[in-house]
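Asker: Take this structure, written in structure tokens, and hold onto it; I'll ask about it next.
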Amino acid sequence: MRTGNEPLQARSPLKIRCGLALWGLVWAVAGAVAFADFGRPEWAAACAALAMVAAADLIMVIRHIRQGPHYQPGKDVPPYEPDHGRNDVFGICNDRDRRRGRRP
């Protein structure tokens, strides 16, 4: 839920995530090659699976970076109105509802 007090110059963590995914991909591939050379196919398969996960993450991060910034409402857009209990789970109400005489 938007509160209206988000930072004006918020930065995306996508670049650091891209670097970490690339770092993980390099080490996972190196581990798979090293374990395969030492005759440990189980560990090589585990490292190869980890390399595939890191590659998929890297692809998604690059895709999000290329999409560019998304629309963020400006200062003139007010915060969302509270739901006033419409999303209460299992009929649980908050203290404000109890004060108004509403029951679950």
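Asker: Of HIS70, HIS64, which has the most accessible area with a 1.4 Å probe, and how do the rest follow in descending order?
Answerer: HIS70, HIS64
Asker: Output needed for region 15-54: three equivalent-ellipsoid semi-axes, defined as square roots of 5 times the C-alpha gyration tensor eigenvalues, in descending order, whole Å.
Answerer: Over the Cα atoms of region 15-54, the ellipsoid semi-axes are 22, 9, 4 Å.
Asker: I want the local charge near MET60. Using Cβ-Cβ distances under 15 Å, sum +1 for each Lys or Arg and -1 for each Asp or Glu among the other residues.
Answerer: +3
Asker: Mind listing the phi-derived Karplus ³J(HN,Hα) values for region 41-55, rounded to whole Hz, using 6.51, -1.76 and 1.60 with θ = phi - 60°, and x for any glycine or proline?
Answerer: x, 5, 5, 5, 5, 5, 5, 5, 5, 5, 5, 5, 5, 5, 5
Asker: Once the whole set of protein chains is in place, how much accessible area is left on MET60, using a 1.4 Å probe, in Å² to the nearest 10?
Answerer: Here the accessible area works out near 80 Å².
Asker: Turning to a different aspect of this structure: Please compute the net charge surrounding GLY24, taking Lys and Arg as +1 and Asp and Glu as -1 over other residues with Cβ under 14 Å from its Cβ.
Answerer: Once positives and negatives cancel, what remains is 0.
The values are calculated or read from the model by the stated rules, or taken from the named source; none is laboratory data. Everything quoted here is computed from the prediction, not taken from an experiment. Cβ sites come from the backbone with ideal geometry, for glycine too, and all protein chains shown count toward neighbours. Keep in mind that these areas ignore ligands, DNA and RNA; they rest on the heavy atoms of the full protein, side chains included. Shrake-Rupley method; radii C 1.70, N 1.55, O 1.52, S 1.80 Å.
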